[in-house]
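Right, one structure below, let's go through it.
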Amino acid sequence: MFFRKKRNKASLKKTLEQSPPPSQNEIDAEQSQPSTSKSHKDDITTKDLSKGPANNSTARKDDPETISSSTEIFVKDIKKRIHSPADLVIRYVSDTITILYIDNLIKEDILNEKILPNLQNMNEETPMRIQKLLPLPRVTVFDRMNEVIETMLTGAVIIHVAGHNLTTLVIIPAREARSLTSPENESQVIGSQVGFNESLSTNVSLIRRYILNPNLVNEKIKVGKQTNTSLALLYIDGVASEQNINTVRQRLNSLDVRDIIDSAEIAELIDDSSLSLFPQILLTERPDRFCDDLLSGKVGILVDGSSMGILCPYTFIEFFQSREDKNLRWPIATFVRLLRFLAIFISAFFTPLYVATLTFHYEVIPQPLLIPLSESRAKVPFPPILEALFLELIIELLREAGARLPTKIGQTIGIVGGIVLGTAAVDAGITSNILIIIVALCALSAFTTPNYMMGNTVRVLRFPIIILAGFWGYYGIMFAFCMLLIHLLRQSSLGAPYMSPFYPLRLKSLADSIVRLPYPFIIRKSPNARVEDPELSTMQASLKDQKKVKE
Amino acid sequence: MKKLNTFKLPFLLIASVMLLVGCTEPHILERISLATLIGYDLTGEDELTTTAVMRQINPDLESKTLIQSTTSSTSKGGRKKIELATSKEITTGQLRVVLFGEELAKYGLDYRLRTIMMSSEISNAIYLAMVEGDLKSFLESDYKDIPNLGQHIFQLIEHNIEQQNAVSSTVHEISRDDFSRVASYALPILKKEKDDIKISGIALFHKGKIVGTLSAKDAFYIQMVRDNSDNGTMELNLPITTLGDHSLSSSKYLSVALDSIRSKRRITVVDQTLPEFNLTIHLDCRLYEIISNVNIDEAEIIQKLEKEINKKLESEIKRVIQYSQEVNSDIFRFGEYYEAQVRNANMDVEKWSEMYPEMKVNVTVKAKILRDGVFQ
């Protein structure tokens, strides 16, 4: 369903007023109760967790659900709403004050040291007074039930005072998170060694550590009817183009999904073409790469509970660039980049070329190669296409087994499978040893792609081409190549051309795509992320005093 | 309905891939026998002897060459007859050399050349050559030191052409000359010598028939007139008096070995009616060897040497051209130059055949010894 939706282009105007998330409406309708009290909106400052425009929903006055002033009814209400879980703690502090929270979701030591003593020593308690007196930064007063529940589930203590239609919530979330570790899927030799973890707040703080800029915008959006996952939409105001920001925001807001667990799902849902083999949006676990791209005008999304950040718009060529290229000296980085581009072609076309040549085009084999090739093939009873598919299958099985198994066993499987199966297959005369070299070379080439998602695509691409090569020879390979090219040219990322800077040809960004230029020569940082201020699209790296100090 | 449309294109693609697979004709490398050399000769009146040298791959990891010979009136018929005696399909995609017997060369190569040109399987870069004597005995005799006859002959011809020791004779070049209305072609001649094969000379053709031969040594002069080159070594015997009394040698000649760095030739028509051509060859060369203890450092001596080299080369080239005029075989493509430079020439084979023996060529060689320090 979402395939059609995404075709609509985002409007150019920034839409500040947003409709509330659909989840709230549903709960409202279900739990409608007769309104008994007036709205206290005028004299209280309702503050939500987020500053984002998505939660400006307190303005509605005809909302029936209010907080009961009676303690008993309030507790009952809460229990009913969250289906009286076993970890709900209800504690009567004094005659009038009741506190409720979910065990392990809050920091218990703060509750014991700072909240409880204050509450016990309090006389003349009202929710507003409690808010003022508690020595904690995030204390808010709510007058609506669904907000109370929502906040409590993120890690807050409800303080209810009998006789008041308001509750005070103290937000002290205690979220278990993995400590920061080095990114394992996108490792690099030199450069920072920190990766995102599963906590949204930690990840945002990592970004803020790299970019100490007031223009870094962090918008909060909630997605998922069941999971209520928070997303952070990050961009740098003035650098990222408004059109791109609006497109991303619109796509996220118009998402109608129930469950979102990981950012990869979001990436697939907001892709330009979800049916395509090629990813159009980058997933990265490196904060430095994330920041790099934000600075070059891309829009980033972080998802709570996921250690992968989303970046868009992206181009095909950028998937083959690594963050490490910028840390290496430019000739070396250029060499590595060219090696990677070569690897794409080796990986996709080397085995098919072998199959096609040996099946149809024996004429093109150079004479010195004729004897070793034919002698290694002489014992093999299968046609080249079956032989190649068989070997490729072994390699894929080994890779999959290695990825699924624990690291220690995985390595053993790799060695056992690789060496034992390889030699045995040649000895048994099932495959030729030249093909083993070719297949290993192809597998190796596919693993040089710095991005895991793109690496998968490059690897899988080979199979249809092998089959076509086995059926039609070089015509099949050319056919596959043409189809691939047509498909790639049709793709877009946030509406921007995917194959830029090659098509449409953008000479200014062409240079930095294949060659890693020295800093002062980089004209445009990203091939297709349009930048609001053209000044910011260049890599400014000149000397302030015009001269380098030599001594 | 809309869903059906989305999947129509992929479905049609897959279906066509599946259905059209039947139209392809696979030649799996180890299941075919590769002919690397084919020889044609004439036996009797019209009978064509086809001899093929084939490489066969056996499961016991030993590839061996197989020589099959048969007679029929067409080459395709010959191939069919050979097929009857081999276990695998014969393919000509890896063909490197086509040899013609002397008898066939006398009879005419035209039809054989057409057959080779017409085949899409056969590359245009393969070499053609003529064999002195009987072709069948040439190919079927037992060469002890040559395990693969096809490859051996191919490499023999290839490296000699590269070093300007033989005239280049790829199918492409020969067919160009053959289709030309005015030019003729030349082929290298192979000869069996005891247990070895060597290039013994150059065969000159006219209208597809052999008309004369030149010695293998003359290939260098022919190549120098035919084309600009940047390769090749030559040995010249200059008169002993070249360097005055300095020579201590008692031999009749002063032998010099030259290595051509580059040679450029220029042909212009001077007189259209006779016709008369000016042929100028600029030769930059390196002095490799000189059988004399004279001091080469002196500029005077170098100039003397150059002068004598010019004289010698001019006379040699004149001799070669004169021979080709005698046998009326325009292997230097003077006719092409004439046609290109003379307006409304309206050349055809007969007209040029009459004009060619009457042709006059003024040969000027300008040799320059650039370096002589190689042996010092």
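Give the residue, chosen from B:T36, B:T51, that is touching a helix residue (DSSP H, G or I) at 6+ places or on another chain (Cβ under 6 Å) and within 14 Å of another protein chain (Cβ to nearest Cβ).
Step by step, each of B:T36, B:T51 is checked, and only B:T36 is touching a helix residue (DSSP H, G or I) at 6+ places or on another chain (Cβ under 6 Å) and within 14 Å of another protein chain (Cβ to nearest Cβ).
Within the bounds of region A:270-277, is there any residue that is surrounded by fewer than 20 Cβ atoms within 10 Å (Cβ to Cβ) and part of a helix (DSSP H, G or I)?
No, because not a single residue in region A:270-277 is surrounded by fewer than 20 Cβ atoms within 10 Å (Cβ to Cβ) and part of a helix (DSSP H, G or I).
Mind listing whichever residues of region A:490-508 are farther than 21 Å from A:I236 by Cα and either in a helix (DSSP H, G or I) or touching a Cys at 6+ places or on another chain (Cβ under 9 Å) (or both)? Explain how you work it out, then say what you get.
Here is the first cut: in region A:490-508, the residues farther than 21 Å from A:I236 by Cα are A:490-492, A:497-508.
Listed by number, the residues that qualify are A:R490, A:L507, A:K508.
If I filter region B:79-99 for residues that are away from every other protein chain (no Cβ under 14 Å), surrounded by 18 or more Cβ atoms within 10 Å (Cβ to Cβ) and out of contact with any Leu (no Cβ under 9 Å at 6 or more places or on another chain), do I get at least one hit? I'd like the intermediate steps shown before the answer.
Initial filter on region B:79-99 (away from every other protein chain (no Cβ under 14 Å)): B:79-86, B:98-99.
Now drop any that are not surrounded by 18 or more Cβ atoms within 10 Å (Cβ to Cβ), which leaves B:79, B:82, B:98-99.
Checking which are out of contact with any Leu (no Cβ under 9 Å at 6 or more places or on another chain) leaves us with B:79, B:82.
Looking for residues that are away from every other protein chain (no Cβ under 14 Å), surrounded by 18 or more Cβ atoms within 10 Å (Cβ to Cβ) and out of contact with any Leu (no Cβ under 9 Å at 6 or more places or on another chain), one finds at least one in region B:79-99, hence yes.
Being hydroxyl-bearing (S, T, Y) and either under 30 Å from the mean Cα position of the chain (by Cα) or over 15 Å from A:T351 (Cα atoms) (or both), is that true of even one residue in region A:486-494? Talk me through it step by step, then tell me what you get.
From region A:486-494, those hydroxyl-bearing (S, T, Y) are A:492-493; that's our starting set.
So of that shortlist, the ones also either under 30 Å from the mean Cα position of the chain (by Cα) or over 15 Å from A:T351 (Cα atoms) (or both) come out as A:492-493.
Yes: region A:486-494 contains one or more residues that are hydroxyl-bearing (S, T, Y) and either under 30 Å from the mean Cα position of the chain (by Cα) or over 15 Å from A:T351 (Cα atoms) (or both).
Criterion first (buried (at least 18 other Cβ atoms within 10 Å of the Cβ) and under 20 Å from A:E184 (Cα atoms)) does A:L283 satisfy it? Working first, answer last.
Numbers: buried (at least 18 other Cβ atoms within 10 Å of the Cβ): yes; under 20 Å from A:E184 (Cα atoms): yes.
When the stated conditions are applied, A:L283 passes them.
Among the listed residues A:V148, A:V170, A:V217, identify the single one that is assigned to a helix (DSSP H, G or I) and in contact with a strand residue (DSSP E or B) (Cβ under 7 Å, 6 or more places away or on another chain). Show your work before the answer.
On the way: A:V170 fails: assigned to a helix (DSSP H, G or I); A:V217 fails: assigned to a helix (DSSP H, G or I).
Only one candidate passes the filter, namely A:V148.
Quick test for you: out of B:L19, B:L29, B:L9, pick the one residue that is surrounded by 11 or more Cβ atoms within 10 Å (Cβ to Cβ) and within 13 Å of chain A (Cβ to nearest Cβ).
Answer to the check: B:L29.
Does any residue of region B:334-349 turn out to be within 22 Å of the chain's Cα centre (by Cα) and not in a helix (DSSP H, G or I)?
Applying the first criterion (within 22 Å of the chain's Cα centre (by Cα)) to region B:334-349 yields B:334-337.
Okay, now just the ones that are also not in a helix (DSSP H, G or I), so none.
So far as region B:334-349 goes, no, none of its residues is within 22 Å of the chain's Cα centre (by Cα) and not in a helix (DSSP H, G or I).
Quick test for you: out of A:E198, A:E186, A:E147, pick the one residue that is among the acidic types (D, E), at pLDDT 90 or above and in contact with a Ser or Thr (Cβ under 8 Å, 6 or more places away or on another chain).
Details: A:E186 fails: at pLDDT 90 or above; A:E147 fails: at pLDDT 90 or above.
Of the residues listed, the single one that is among the acidic types (D, E), at pLDDT 90 or above and in contact with a Ser or Thr (Cβ under 8 Å, 6 or more places away or on another chain) is A:E198.
For region B:293-348, give me the residue count where each residue is over 23 Å from B:P275 (Cβ atoms) and among the acidic types (D, E).
5
Residues of region A:308-336 being farther than 19 Å from A:D271 by Cα and in a loop (DSSP other than H, G, I, E, B), which ones?
Hits for region A:308-336 are A:Q321, A:S322, A:N327, A:L328, A:R329.
Can you tell me which residue among B:V182, B:V211 is over 30 Å from B:K307 (Cβ atoms) and in contact with a Leu (Cβ under 6 Å, 6 or more places away or on another chain)?
Testing whether each residue is over 30 Å from B:K307 (Cβ atoms) and in contact with a Leu (Cβ under 6 Å, 6 or more places away or on another chain) leaves just B:V211.
Would a scan of region A:278-297 turn up a residue that is in contact (Cβ under 8 Å) with a residue 40 or more places away in the chain and either over 28 Å from A:I514 (Cβ atoms) or in the same structural domain as A:L393 (by TED's automatic domain parsing) (or both)?
Filtering region A:278-297 down to residues in contact (Cβ under 8 Å) with a residue 40 or more places away in the chain leaves A:278-291, A:293-297.
The next check asks that each one be either over 28 Å from A:I514 (Cβ atoms) or in the same structural domain as A:L393 (by TED's automatic domain parsing) (or both); those that pass are none.
For region A:278-297, residues in contact (Cβ under 8 Å) with a residue 40 or more places away in the chain and either over 28 Å from A:I514 (Cβ atoms) or in the same structural domain as A:L393 (by TED's automatic domain parsing) (or both): absent.
A:I310 is checked against (1) more than 16 Å from A:I466 (Cβ to Cβ); (2) out of contact with any strand residue (DSSP E or B) (no Cβ under 7 Å at 6 or more places or on another chain); (3) buried (at least 22 other Cβ atoms within 10 Å of the Cβ) and fails just one. What number does that condition carry?
So the condition that A:I310 fails would be (2).
Picking from B:G101, B:G93, which residue would you name as being of a type outside the set (D, E, K, R), modelled with pLDDT of 85 or more and over 17 Å from the mean Cα position of the chain (by Cα)?
B:G93 is the lone residue from the list that is of a type outside the set (D, E, K, R), modelled with pLDDT of 85 or more and over 17 Å from the mean Cα position of the chain (by Cα).
Go through region A:479-499 and report how many residues are within 19 Å of B:L9 (Cβ to Cβ), touching a Leu at 6+ places or on another chain (Cβ under 9 Å) and away from chain B (no Cβ under 11 Å).
So the answer is 2.
With respect to the numbered conditions (1) away from chain A (no Cβ under 14 Å); (2) under 22 Å from B:L190 (Cβ atoms), which one is the sole condition not fulfilled by B:S72?
Every listed condition holds for B:S72 apart from (2).
Output the residues belonging to region B:107-129 that are more than 18 Å from the chain's Cα centre (by Cα) and more than 14 Å from chain A (Cβ to nearest Cβ).
B:Y107, B:Y111, B:T115, B:M118 - these are the residues of region B:107-129 that are more than 18 Å from the chain's Cα centre (by Cα) and more than 14 Å from chain A (Cβ to nearest Cβ).
Yes or no: region B:108-130 includes at least one residue that is more than 21 Å from B:R176 (Cβ to Cβ) and touching a strand residue (DSSP E or B) at 6+ places or on another chain (Cβ under 7 Å). Can you show your working first?
So in region B:108-130, the residues more than 21 Å from B:R176 (Cβ to Cβ) come out as none.
No, region B:108-130 contains no residue that is more than 21 Å from B:R176 (Cβ to Cβ) and touching a strand residue (DSSP E or B) at 6+ places or on another chain (Cβ under 7 Å).
Which of (1) outside the structural domain of A:E375 (by TED's automatic domain parsing); (2) under 30 Å from B:T24 (Cβ atoms); (3) under 29 Å from the mean Cα position of the chain (by Cα) is the odd one out, the single condition A:Y475 does not satisfy?
Status for A:Y475: all satisfied but (3).
Do we find that A:E125 is modelled with pLDDT under 85, of a type in the set (D, E) and at negative phi in this structure? It would help to see each step written out before you state the result.
On the way: modelled with pLDDT under 85: yes; of a type in the set (D, E): yes; at negative phi: yes.
For A:E125, the condition - modelled with pLDDT under 85, of a type in the set (D, E) and at negative phi - is met.
Out of the residues in region B:254-293 that are closer than 17 Å to B:V361 by Cα and not in a strand (DSSP E or B), state the one that is nearest to the chain's Cα centre (by Cα).
Here the answer is B:P275.
Could you identify the single residue in A:E387, A:E375, A:E392 that is closer than 26 Å to A:F481 by Cα and more than 35 Å from the chain's Cα centre (by Cα)?
Checking each option against the conditions leaves just A:E387.
The values are calculated or read from the model by the stated rules, or taken from the named source; none is laboratory data. Bear in mind that the values here come from a model prediction, so they are computed numbers and not experimental data. Backbone-built Cβ (ideal geometry, glycine too); neighbour counts: all protein chains shown.
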